[in-house]
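Report on the structure given below.
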Amino acid sequence: MGKTILVVHGSPRKNGNSAALAEAFEKGAQEAGHDVQRIEVGTADIKGCRGCEYCFSHEGVCCQQDEMQQYYPLLHNADVLVWATPLYSFTYPAQLKAFQDRMFCGIAKPFHIPEVGLLLCFEDKDPTVAQPLLDTYAKSNAYCGQTSIGEVVVHGVYKVGDIAGNEGLEKAYDLGKSL
């Protein structure tokens, strides 16, 4: 039986380069027999965490009623969580960060997602520009006790379609297929 994989796509741009990475990964994972679901948090109505700790006294339930509510059951059922994202100002886009912050309620009712992966793309030609995000990714994995299945990092792509023919697509596919 395959794993349940949740791909969290964080770009507000439709059909962009991070979406292409996600599609390549998903194809490989599906071919390997896994159940893959993608959610589009880059365009979702998700408010930031209030830090109110309502979730602590309400068994992990967040007091905010927005689109995040539909994602909590998916997080509780996932074996693998994959972030598919562009790089904005050296880190995750605000839309994806709001999703990540709202996972705070998982402290009160843990998600138990043992594995996590990263599909990242960005415009800059200097690959070191992504280091702050990669550091955040690694620290978060360590804090949450998650094992990384791997990272695919593609630089030098900006316009929709720039990633076509890039070896990063094959790497994303291979990462999905390797699970």
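Which residues make up the longest stretch of the chain that has no GluC sites (Glu not before Pro) in a DSSP loop with at most 14 other Cβ atoms within 10 Å? Write down the numbers at each step before the final one.
Working: sites that count: GLU53, GLU59, GLU123.
It runs 60-122.
How much length, in nm to one decimal, is gained on full extension between HIS58 and SER140, taken as 0.36 nm per residue of separation minus their Cα-Cα distance?
Working: separation 82, 0.36 × 82 = 29.52 nm, distance 2.43 nm.
Once the chain is fully extended between HIS58 and SER140, it gains 27.1 nm.
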At the level of C-alpha centres, the distance separating the range 38-77 and the range 86-119, in angstrom, is 11
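So, with +1 on the Cβ of K and R and -1 on the Cβ of D and E, and no other charges, what is the size of the charge dipole of the chain about its Cα centre, to the nearest 20 debye? Each step should come with its number before you reach the end.
Details: 15 positive and 22 negative charges, 49 e Å.
Approximately 240 debye in magnitude.
How big is D for the range 34-131, in µm² s⁻¹ as a whole number, if Stokes-Einstein is applied with the Kirkwood radius of its Cα pairs at 4 °C and 1.567 mPa s? Before the final figure, lay out the partial values.
On the way: Rh = 14.6 Å.
Answer from the Stokes-Einstein relation: 88 µm²/s.
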Expressed as a whole-number percentage, the relative contact order of the range 1-152 with C-alpha contacts under 8 angstrom and at least six residues apart is 29
Filtering chymotrypsin sites (Phe, Trp or Tyr not before Pro) in the range 1-109 by DSSP loop and by at most 16 other Cβ atoms within 10 Å leaves PHE90
Output for the range 71-179: trypsin sites (Lys or Arg not before Pro) sitting in coil per DSSP, at most 16 other Cβ within 10 Å, listed by number, reads LYS125, LYS159
With -39,500 (n - 2.57) per DSSP H segment of 4 or more residues and division by the full residue count of the chain, the 222 nm estimate, nearest 500 deg cm²/dmol, is -10000 deg cm²/dmol
Short to long, in 5 Å steps from zero, the percent of alpha-carbon pairs of the chain per bin is 2, 9, 17, 21, 22, 15, 9, 4, 1, 0, 0
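Every number in this text was worked out from the coordinates using simple rules, so none of it is lab data. Keep in mind the model is a prediction, meaning the values are calculated, not measured. Cβ coordinates were reconstructed from backbone atoms using ideal geometry, including for glycine residues, and neighbour counts include every protein chain displayed.
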